[in-house]
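Heads up: the structure comes next, in structure tokens.
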Amino acid sequence: MTVLAKDFQENDFKVMQRSSGVSESVKAYLDQKVEEILAHRSVNHPFLAWYGENALSKEQEKQLYLETNAYFKYLPFYVANISTITRDEAVLREVLHNSTDELGTQKSHSDMFAQFLDMLDITSEDIEAYEPLESSVALNEGIKEIYNSLPLERALGALFADETQSAAMCSRYNEGLKNQGYDARTRHFWELHIEAEIGHSNAIYNILGPYVTDDEGKERFESGIAHYLQLMEKFWDNVELRVQETAAACA
Ligand SMILES: [Fe+2]
Ligand SMILES: [Fe+2]
């Protein structure tokens with residue numbers, strides 16, 4: 001499925017839905033931000049579109065998913081950092097909701113991703129030996145910094161961009177894997193995340209009202225969105241280069 005702005009407004013998924021308590025003006029503002037996030041180049045990166053229609057070699061596939069692992073392995077820990085820069089219980093509740101959702105009750109999303117890597121014949125030795133790209137390290141450091149420092153509106157902007165873009169990004173990964181011929185069992189992690197990330201985006205949407213009412217709050221919120229998407233865009237630019245280099249080396 002292609003993730004559209006309307007999927008955040010209404011869906012049949014068993015995930016967090018948008019609250020009706022958000023004012024009309026905040027709703028209109030945030031709907032516009034969702035449209036902008038989904039239209040950003042990092043979300044519609046040429047590499048992701050290309051992956052949906054072109055098969056990767058085994059080595060290229062390994063590069064892509066080891067880099068992906070380096071990108072999001074520790075995200076739940078970073079998200080929880082936001083709880084240390086607020087005294088707003090509503091923010092604390094939803095930030096922790098998103099973070100603990102990643103941990104599940106018995107099996108974490110990280111465990112599920114490890115199983116997915118295993119199904120692609122990517123071993124724990126591969127993971128251990130892998131040196132992530134500078135841009136992936138910068139993405140991690142950037143996320144850590146922004147979720148750990150004031151102003152809160154900037155951290156919330158980055159988190160809203162993070163969760164919203166993630167739903168669309170997971171659907172792109174899923175399309176690539178489908179095109180590669182992988183069955184639903186192998187793609188389960190990604191299919192689950194299209195829905196889960198819509199729920200995470202909605203959880204944050206529901207607590208943004210007080211933070212995006214004046215120009216100063218909006219400006220800080222938007223700087224967080226822009227910063228996150230810019231880090232993601234650089235991540236994809238360099239993943240694309242690394243995957244191309246792998247193709248050249250194998251030719
Ligand atoms: Fe997850
Ligand atoms: Fe998420």
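Each value in this text was obtained by applying a stated rule to the coordinates, not by laboratory testing. If you're wondering where the values come from, they're calculated on a predicted model, not measured in any experiment. Positions of Cβ are generated from backbone atoms using ideal geometry, with glycine treated the same way; all protein chains shown enter the neighbour counts.
Report relative contact order for the chain in percent, whole number only (criteria: Cα-Cα under 8 Å, sequence separation at least 6). Across the chain, relative contact order equals 35 percent.
For the chain, lysine pairs with C-alpha atoms less than 13 angstrom apart, excluding pairs fewer than eight positions apart on the same chain, total 4.
Neighbours of Tyr65, meaning other residues whose beta-carbon lies under 13 angstrom from its beta-carbon, give a summed charge of -1 when Lys and Arg score +1 and Asp and Glu score -1. Alpha-carbon geometry of segment 114-251: the Rg and the Dmax are 17.5, 56 Å, given in that order. Among Val137, Val22, the ranking by other beta carbons within 10 Å of each residue's beta carbon, starting with the fewest, stands as Val137, Val22.
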